[in-house]
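Report on one structure; see the data block that follows.
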Amino acid sequence: MKEKDVYILAIESSCDETAAAVVKNGRDVLSNVISSQIALHTLYGGVVPEIASRKHIENINPVIEQALLDAKMELSDVDAIGVTYGPGLVGALLVGVAEAKAIAYAAKKPLVGVHHIEGHVSANYIENKDLEPPFLCLIVSGGHTHIVVVKDYGKYEIIGRTHDDAAGEAYDKVARAIGLGYPGGPKIDKVAKEGNKEALAFPRAVVEGCPYDFSFSGLKSAVLNYLNQAEMKGEEIVQADVAASFQAAVVDVLVDRTMKAAKDLGIKKIALAGGVASNSALREGMKEACERRGYKFYKPSPIFCTDNAAMIGAAAYYEYINGVRDGLDLNAIPNLKIGQRK
């Protein structure tokens, strides 16, 4: 006898995207609505938390209504409400959490809090129906750079992490320094295609005693020092070459550490997750490295790499069937750790 289908209404508001989705059985996305604030925050060169929170309040009801409409479902048809409760901007998170609690209470539906980064990992389940744990996942975003062993659904072990800047943070800072502005990741990726990645020798940092860890502050400083020295000497700065050389240094380190971890642990399934997972050079570098070693490589489509609610619905499904339920005391936890429950 076929088990009953499970439908999750998911809400995501951890940064500057207000998103809602309906996901069936953790793998099938029936709707995925995203209201982005990028154009607004570009005016300020980065995300302004107070403005993000206000926009979430304005957008959240229409986004949820549209998600249900697109899925051709009523609120009564869903089995549970999934919501990101951390990590992220506390004000932004609170909007989504308060909304999810109100809906769960009014509609008498179970509430499932979801870790934002575990949501990014779960994005891989949406398009890769064959992917099941265990596997290794490189998580790369504006706030996180981790290598994680996904032992089972909802069970993670961090084996590598950044000691300073996250990769996405380094992208934003370098993009600003070379005059590309915000958001840095997509802009550097685009400009780098026109540059020579071997034009400048930027460092690939190794963290002594921590073979799977990262450090990007030295690379960022090397780029800034190059720019300052070139300016002082009156030398021409080729923006595309700087972008390409910087990106090559980041990608080399990310791929190298991930491949080392996979070899050492004997894991042959590798996945990418997080906003920077949409970077074309990283996707190609990981694909080539996995093919050379005979590893299976998984990556979400770019729409599921950046913040979205479909990935939260996927993660919420596995939490839900594992019996996770949250009460109306669920709160936003801006510095929530992977694998941590409130």
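The values are calculated or read from the model by the stated rules, or taken from the named source; none is laboratory data. Quick caveat, the model's predicted, so the values are computed rather than measured. We place every Cβ from the backbone using ideal geometry, glycine too, and count neighbours over all the protein chains shown.
Observations
- Total residues in segment 52-76 satisfying the condition of being surrounded by fewer than 18 Cβ atoms within 10 Å (Cβ to Cβ), small (G, A, S) and not in a helix (DSSP H, G or I): the figure is 0.
- Within segment 3-36, the set of residues being over 12 Å from V63 (Cβ atoms) and in a loop (DSSP other than H, G, I, E, B) comprises E3, K4, D5, V6, S14, C15, D16, N25, G26, R27.
- Subset of segment 77-96 [part of a helix (DSSP H, G or I) and surrounded by fewer than 23 Cβ atoms within 10 Å (Cβ to Cβ)]: D77, V90, G91, L94
- Tally of residues being of a type in the set (A, V, I, L, M) and either surrounded by fewer than 22 Cβ atoms within 10 Å (Cβ to Cβ) or closer than 14 Å to K220 by Cβ (or both) across segment 137-192: 13
- Candidates are the residues of segment 1-49 that are more than 22 Å from I117 (Cα to Cα) and acidic (D, E); the one that is modelled with the highest pLDDT is D5.
- A Cβ distance below 8 Å, combined with a sequence gap of six or more or placement on separate chains, defines the contacts here; from segment 201-214, residues that are in contact (Cβ under 8 Å) with a residue 60 or more places away in the chain reach residues that are assigned to a loop (DSSP other than H, G, I, E, B) and not acidic (D, E) in the pairs F214/H163; F214/A205; F214/V207.
- Answer residue from segment 201-245, given it is under 28 Å from V148 (Cβ atoms) and touching a Leu at 6+ places or on another chain (Cβ under 7 Å) and is surrounded by the most Cβ atoms within 10 Å (Cβ to Cβ) among those: F202
- When every residue of segment 223-234 is checked against the conditions, at least one turns out to be over 25 Å from G45 (Cβ atoms) and either at pLDDT 95 or above or part of a loop (DSSP other than H, G, I, E, B) (or both).
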